[in-house]
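Participant: Structure incoming, see below.
The values are calculated or read from the model by the stated rules, or taken from the named source; none is laboratory data. Computed from a predicted model, the values in this text were never measured in an experiment. Here the Cβ is made from the backbone with ideal geometry for all residues, glycine too, and neighbour counts use every protein chain on show.
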Amino acid sequence: MSSSPTDVNVNNSLVARPIPGMFTRLWTDSLQHWVGQYSHPMTWTGLGLFALLILFSWLGPVLYTASPLTIHANHLLVAPCWQYPFGTDDLGRNMLARMMDGGKATLEVGLLGSVIAMFLGILYGMSAAMSPRWLDKVLMRLLDALLALPGIVLMIFFAAIVPLNTTSLILVLGCLSWPGLARIVRNEALAYKERDYVLAARQFGASSFYVARTHLMRSMLPILIVNATFMVADLILALSGLSFLGLGIQPPHASWGGLLNDGLQLVIVGPWWLIVFPGVAIFLAIVAMNVLGQGLLARLEGR
């Protein structure tokens, strides 16, 4: 028996507008599938190492209550000992407390800056993929122009003209790090747009926003998570580079890159702990996120 026009309209509206809770269930199912399907020993190694750095930076100050700003004039450049496990700097400040304080700022910039970069990259890339062909070309030419500009030079330029604090550095690094991701999102979305289930949804009247949100984003979730891990590592490294140039978080507050820069200025005196501890922390943070990303990528490629 043929369906009446009324039946067709009802069916179309049901396809175009999902029932309440469907979007949440789709994302929950995707995450559960991802955890089971894409877990890898490297994934858990990187995730565990990064979790330890987070606990060190956020939980550490709760357990170890020494102030990172207190000056101990009688304990200048004290080597690591029981009283000062990471030693003291040239002003007598507790290096363990400063490492915790600097870790919090460094990881905040890496994580929150990546959230901004991922949001902008996904928004721009998805907009280009879902746009008419002529608008897609215009958006991609603009993206090519942005990618042609040296990212580190732009970061140095903006870091030199804005107040140097955690919030401003999160915004600067996040807003300058999305173009590469936007190209990846756009290319992936164009490929998924031709899948049968996407074409069927469009035939039943689903809007571009609904298709992008429900079908494309769900399909691209694993590759987006992989890129997010690499983004965090890139931003931690970028902040460390800016701090080394004196354009990072300013004293008296600390970052791992800033502590490393301070230690290098005193290296001739011989306080190795001022260089080793922040250098190792930066190294471990970058390695953790890269190992996590490589583990996810290995599962995606079936290795």
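Participant: Does at least one position in the stretch 138-145 carry a residue that is surrounded by fewer than 19 Cβ atoms within 10 Å (Cβ to Cβ), out of contact with any Leu (no Cβ under 6 Å at 6 or more places or on another chain) and β-branched (Val, Ile, Thr)?
Facilitator: Yes, the conditions are met somewhere in the stretch 138-145.
Participant: Here's another thing I want to ask about it. Go through Val198, Val172 for me and flag whichever is aliphatic (A, V, I, L, M) and at pLDDT 85 or above.
Facilitator: Val172
Participant: Going by the structure shown, is Met140 more than 17 Å from the chain's Cα centre (by Cα), part of a helix (DSSP H, G or I) and touching a residue at least 24 places away in the same chain (Cβ under 8 Å)?
Facilitator: Answer is yes for this residue.
Participant: If only one of Phe86, Phe50 is surrounded by 12 or more Cβ atoms within 10 Å (Cβ to Cβ), of a type outside the set (S, T, N, Q), in a loop (DSSP other than H, G, I, E, B) and touching a residue at least 60 places away in the same chain (Cβ under 8 Å), which one is it?
Facilitator: From the options Phe86, Phe50, the qualifying one is Phe86.
Participant: Kindly check whether there is at least one residue in the stretch 18-38 that is under 33 Å from the mean Cα position of the chain (by Cα), at pLDDT 55 or above and over 30 Å from Ala206 (Cβ atoms).
Facilitator: Scanning the stretch 18-38 turns up no residue that is under 33 Å from the mean Cα position of the chain (by Cα), at pLDDT 55 or above and over 30 Å from Ala206 (Cβ atoms).
Participant: In the stretch 243-297, which residues are loosely packed, with under 14 Cβ neighbours inside 10 Å and of a type in the set (Gly, Ala, Ser)?
Facilitator: Matches in the stretch 243-297: Gly246, Gly270.
Participant: Could you please let me know if Gln250 is in contact (Cβ under 8 Å) with a residue 24 or more places away in the chain and of a type in the set (S, T, N, Q)?
Facilitator: Yes: the conditions hold for Gln250.
Each row is one residue, and each column tells you yes or no for (1) touching a residue at least 60 places away in the same chain (Cβ under 8 Å); (2) among the polar types (S, T, N, Q).
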| residue | (1), (2) |
| --- | --- |
| Val153 | no, no |
| Phe158 | no, no |
| Ile170 | yes, no |
| Gly174 | yes, no |
| Ser177 | yes, yes |
| Ala191 | no, no |
| Tyr197 | no, no |
| Arg213 | yes, no |
| Arg218 | yes, no |
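Participant: Go through the stretch 73-96 and report how many residues are farther than 15 Å from Ile275 by Cα and of a type in the set (A, V, I, L, M).
Facilitator: Residues meeting the conditions: 3.
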